[in-house]
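Contents: one structure, followed by commentary.
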Amino acid sequence: MVTQLLDQWSSELHLLLEMRVGTHLDFFCRRISGITTRQFFTTMLLTLQNSKKISFMTKVSSSGKKLRKLETGMTNTITEQSRPESRSGLESGMVAPALAIAGIDIALDEIRDIEQRSYRVIERLRETVFEPGKQKRLKIGFSISEAARMVGRTPTAIRDAEKSGRLPEPRKDSHGRRFGYTLTDINIMRREFETLPWRGGNDEPLVLAISNFKGGVGKSTLVAHIAQYLALRGYRVCAIDCDPQGSLTSLFGFNPDYELEAQNTLFPFLMRERDTLSYALRPTYWDQLSLIPANLSLYSIEYQLAARLPTNPLMLERLRLGIDTIKDGFDVVIIDPPPALGMLSLSVVRAATALVVPVRPATVDFGSTAHFFTLLVEALETLAARGLQPRYKFLKVLINAMDETKSAHTEITRMMRQVYQTAMFNTVMKDSAEIDNAGARLMSVYELEEATTSRETYRRCKAYLNAVNREIELLIRKTWPGHHEALRREGVI
Ligand SMILES: Nc1ncnc2c1ncn2[C@@H]1O[C@H](COP(=O)(O)OP(=O)(O)O)[C@@H](O)[C@H]1O
Ligand SMILES: [Mg+2]
């Protein structure tokens with residue numbers, strides 16, 4: 001776990017070094033990376049302030065592996081004396097030990113200063129994205145023909161119901177023009193026409209984890225888009241952010257470490273301070289979609305769970321028990337796990353009843369996917385040894401950010417299809433600038449009111465997303481016997 005944490009840090013340390021030699025704060029402008037960067041500094045400060053944790057960094061760095069990686073980027077700035085092998089840097093109280101290991105002399109105050117600046121950048125980014133002081137809300141509206149399609153009735157049936165008072169009068173502006181219907185309006189119609197697609201009373205809510213122990217494969221992005229797609233379809237969805245970096249929480253408009261406390265996250269439940277998870281459920285501006293947010297406090301859960309595990313193996317069962325206390329109110333619980341194998345990831349693997357494994361179609365990522373499955377098998381064995389083996393209703397690999405113009409991408413996709421066969425999604429999620437651009441605006445593509453690039457790119461991106469999400473929706477519905485008759489009528493089973 002430590003090695004993985006360091007892996008994650010080392011690339012960001014490069015960014016820090018670039019800043020030292022004069023690069024500006026430009027890179028902060030990419031929002032998600034900005035948040036990660038800020039959290040890097042905060043985490044590093046926490047680490048620096050905790051001497052116990054510093055000792056393991058020393059151990060990892062003395063293997064030389066991480067060190068060489070770091071050194072390549074800073075050969076011009078390192079002097080022989082400040083190399084970590086010379087203990088002088090470590091022994092000096094003035095020098096931040098973790099950075100001294102990497103061979104640079106930056107005082108703790110300097111890092112503290114950069115950390116504070118990172119928070120300011122994040123706040124400024126939020127101010128440019130949201131009107132100051134305003135909560136994020138869903139601005140998209142639906143025409144009557146879109147509403148009819150979503151509800152599963154004709155526009156005439158909707159108009160008739162509005163006239164007869166079965167449905168509320170549509171809202172109009174001062175010129176008498178109809179406002180678009182909101183998702184809440186659509187769900188009122190679905191309720192009236194009895195077309196809400198909820199699971200049957202005897203069907204189990206599905207607990208879907210979008211899992212890969214690697215960062216940057218698109219987990220948080222996919223969780224947000226799957227959750228919102230399902231909400232648009234009328235399901236009751238709970239999204240759980242288990243990643244201390246809180247990317248998913250940010251996508252839902254919260255500033256994880258600024259406006260949220262540890263008690264708003266999974267923390268109190270996992271620490272056995274609470275008996276149910278309902279305290280952490282937050283309604284979002286998406287009708288029928290709730291979020292359990294995350295923030296940096298979840299990092300310490302890793303240590304605390306690990307410390308308690310030897311005497312209490314049931315610590316790995318806490319998340320599943322927590323989800324049990326809230327799942328009755330939902331059709332799907334969708335989890336965004338942290339990008340490393342640790343206590344939280346193990347808890348997610350235990351709590352899930354289905355897994356989607358996103359991978360990028362690059363050779364290096366393919367290697368990491370193989371690695372992921374090795375670790376997953378080990379995790380499952382660890383759980384089984386404690387009598388906690390999960391059972392999955394499906395486990396599928398999803399290729400994300402595939403670029404058809406890159407022959408390497410098409411080649412790897414073809415090869416993965418041959419190897420994984422039915423364990424792979426039929427659809428792939430294409431690489432799209434719209435996803436990146438939406439993310440930079442703290443949004444999903446489903447929240448955009450208009451294209452950020454061209455209308456065609458936007459339309460295509462939504463089509464890819466919908467195709468992937470339709471496949472996921474079908475996989476979910478197949479797990480519900482209560483849906484089987486409808487699926488037979490639709491000709492899908
Ligand atoms: N299909 C895609 N097309 C383009 N960019 C993507 C796609 N999926 C993810 N991204 C981008 O990749 C980056 C990492 O995604 P993220 O969801 O944060 O990964 P993870 O949660 O696995 O660390 C983000 O900047 C996101 O916008
Ligand atoms: Mg993430």
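Only counting other Cβ atoms within 10 Å, I'd like H175, H409 sorted with the fewest neighbours first. Each step should come with its number before you reach the end.
Numbers: H175 5, H409 20.
The fewest-first ordering by Cβ neighbours comes to H175, H409.
Would you list T128, T353 from fewest to most Cβ contacts within 10 Å?
Final ranking by Cβ density, sparse to dense: T128, T353.
Classify the range 280-413 as rounded, prolate or oblate, taking a ≥ b ≥ c as the square roots of the eigenvalues of its Cα gyration tensor: rounded when a/c is under 1.5, otherwise prolate if a/b is larger than b/c and oblate if not. Walk me through the numbers on the way to the answer.
On the way: a/c = 1.96, a/b = 1.34, b/c = 1.46.
It is oblate, given that a/c is not under 1.5 and a/b is not larger than b/c.
Quick one: net charge of T453's neighbours, Cβ under 12 Å, K/R +1, D/E -1?
Net charge in that neighbourhood comes out at -1.
For the range 393-464 and the range 236-292, what is the separation of their C-alpha centers, rounded to whole Å?
Distance between centres, Cα-based: 27 Å.
Between beta-carbons, use under 13 Å as the cut-off and find the net charge around Y279, counting Lys and Arg +1, Asp and Glu -1.
-1
How would you rank 225-232, 302-309, highest first, on the average number of other Cβ atoms within 10 Å across their residues?
Packing order, densest peptide first, comes out as 225-232, 302-309.
Looking at C238, F254, N264, which one has the Cα that reaches farthest to the positive end of the dipole of the range 229-315 (charges on Cβ: Lys, Arg +1; Asp, Glu -1)?
So the residue furthest toward the plus end is C238.
Taking neighbour Cβ counts within 10 Å as the exposure measure, how do E471, E194, E485 sort from fewest upward? Intermediate results must be reported in sequence, preceding the final value.
Values: E471 16, E194 7, E485 11.
With the sparsest Cβ surroundings first, the list reads E194, E485, E471.
Computed from the coordinates by the stated procedures, all read-outs in this text should not be read as laboratory data. Predicted model only: the values in this text are computed from it and were never measured. Counting neighbours? That spans all protein chains shown, and the Cβs are built from the backbone with ideal geometry, glycine included.
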